[in-house]
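Before any comments, here is the structure.
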Amino acid sequence: MDTQTLEARARREGTPLIDGDTATFVWKGASRVFLQGDFQDWQGTPLPLERVGKGLWARSLALPEDAYVEYALQDAKGRRVRDALNKRRSDNGFGGFNHCFWMPKGQPTTLNRRARGVPRGRVTRHQVDTHEWAVGKKRAVALYAPPVPGPVPLMVVLDGDDYLERVQLPTLVDNLVAQGRMRPVAMAFVSNGKEARTAEYACSEATVAFLERRVLPLAREKLSLVDEQRTPGVHAVLGSSLGGLMALYTAQRLPRTFGRVLSQSGAFSIEGTDMVVFDLARRQAQPPLHVWMDCGHFEGLLDGNQRLLPVLQAAGHRVTSRTYNGGHNYPAWQCDLPAGLEELFSTPG
């Protein structure tokens, strides 16, 4: 492709240019820029774009044809620069944004947009006393009540604000229930401890106690829930990354309450250190859990997920492990989450 055609396509179609399994990033400017993104798990040396003409730079990458990809461009000093030829952006969770795109056989979910006529669940906002089980004196918890009479199972959602706002989980669940793809559930969206998030989610007994002694009583008071004393393990816990680690840990510690786990990109092994969930998974004669684990092919966390899978299965837990062509971000988790909800809350028959 000659440079005039390359630049004209980039301005017309936006970047990167997609041809089958090839994505070509194009930059118009006096100086070279460098590329970093999900395809590197945001690690290592950024990839330089090569000069292909006067003031025109490009680099092509082979990517899975159904991949969702986030990336950034940097100048020679490592400062981010905006890709003026790609208007698609995604919140990066750090106060900024990444550029993003789908490869031709991938597409975002439409379940985050309310379908016509779908009954709407009700979300209410609450503050609970932490009683020193979590950072600060109060912690925000949002409760979702499904638009059906109870009792129903409860799903505790870690990093609750992100699953509320970025995943649009209440709408997603409303749509899945209306389509007959999952049972109705109630949800408790628990805000994280911000700067203390790592301490609270790295297999913390204090967080387990906070969920058991503060969040569950609030949910029982305000929602119509199935009684876990009569139906052990009926409730679920959901989280991503460190939240995915904490979701599994919580169920391992309280299996008669939380018998279902949705872990998205669980951080089960961090910088070469396996977390205690591996040791807990090796225990025999424990109440069996139903675990859903997903993780992106681009993620360094994939190894820990793949190694934990047979350990959980050998101990008698029911586990589904799924990978997708993407990285460590909420749009990817949003797209894969419906499959996990369908499995863990499958409809009768």
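Couple of notes before you dig in:
- Relative contact order for the stretch 83-227: 25 percent, from Cα pairs under 8 Å spaced at least 6 residues apart, divided by residue count.
- 3J(HN,Hα) from dihedral phi, the stretch 211-228, Karplus parametrisation 6.51/-1.76/1.60, rounded to Hz, x for glycine, proline: 5, 6, 9, 10, 6, 4, x, 4, 5, 5, 5, 9, 10, 8, 10, 4, 7, 5
- A straight line joining the Cα centroids of the stretch 1-35 and the stretch 226-294 runs 44 Å.
- Size of charge dipole - the stretch 228-349 - debye, nearest 20, with Cβ of Lys, Arg +1 and Asp, Glu -1, no other charges: 500 debye
- Between helix 169-178 and the chain there is an angle of about 70 degrees, using the helix long axis and the longest principal axis of the Cα atoms.
- For the residues G326, G150, G44, a GNM of the chain with alpha-carbon springs under 10 Å puts the largest fluctuation on G44.
- Backbone geometry of the stretch 8-22 corresponds, through the Karplus equation with coefficients 6.51, -1.76 and 1.60 at θ = phi - 60°, to 3J(HN,Hα) couplings of 5, 5, 4, 6, 7, 9, x, 9, x, 7, 10, 9, x, 9, 10 Hz, x marking Gly and Pro.
- Cβ crowding within 10 Å averaged over residues, with 219-228, 301-310 ranked highest first: 301-310, 219-228
- When the Cα positions of P170, F97, L242 are compared along the charge dipole of the chain, P170 comes out farthest toward the positive end, with charges on each C-beta of Lys, Arg, Asp and Glu.
- Cα-derived Rg to Rh of the chain, Kirkwood definition: 1.02
- Using R0 = 51 Å, the C-beta based FRET efficiency linking T22 and K194 works out to 0.80.
- Tilt relative to the chain, helix 242-253 - C-alpha long axis, 0 to 90 degrees, to 10: 20 degrees
- Potential extension, R114-K137 segment - 0.36 nm per residue separation minus Cα distance: 4.7 nm
- Each residue, R307 and T273, gets one label point 7 Å from its Cα in the Cβ direction; the gap between the two is 1.4 nm.
- The order of the peptides 229-238, 63-72 by mean Cβ neighbours within 10 Å, most packed first, is 63-72, 229-238.
- For the chain, the longest principal axis of the alpha carbon atoms and the long axis of helix 330-344 meet at an angle near 40°.
- Share of carbon and sulfur in the accessible heavy-atom surface of the stretch 94-143 [1.4 Å probe, %]: 52 percent
- Shown for the stretch 187-249: the carbon plus sulfur share of the solvent-accessible area, taken with all protein chains present and a 1.4 angstrom probe, equals 45%.
- Relative contact order (%) - the stretch 228-349, alpha-carbon pairs under 8 angstrom, separation at least six: 22 percent
- Using θ = phi - 60° and Karplus 6.51 cos²θ - 1.76 cosθ + 1.60, couplings along the stretch 138-153 (whole Hz; Gly, Pro as x): 10, 9, 6, 9, 9, 10, 10, 9, x, x, 9, x, x, x, 9, x
- Computed over the chain: relative contact order in percent, which uses C-alpha pairs under 8 Å that are six or more apart: 14 percent
- For K138, the lysines whose Cα falls under 22 Å of its own Cα, not counting residues fewer than eight places away in the same chain, are K194, K222.
- Note on R213 and R80: with the Förster distance fixed at 35 Å, the Cβ-Cβ geometry gives a FRET efficiency of about 0.20.
- Solvent-accessible area per residue, Å², over the chain with all protein chains present [probe radius 1.4 Å]: 46 Å²
- Pairs of alpha carbons in the stretch 67-226 separated by more than 18 Å make up 67% of all such pairs.
The values are calculated or read from the model by the stated rules, or taken from the named source; none is laboratory data. All values reported here derive from a predicted model rather than from experimental measurement. A quick note on method: Cβ atoms are made from the backbone with ideal geometry, for glycine too, and the neighbour counts reach across all protein chains shown. Side chains included, ligands, DNA and RNA excluded: accessible areas come from the protein's heavy atoms. Shrake-Rupley method; radii C 1.70, N 1.55, O 1.52, S 1.80 Å.
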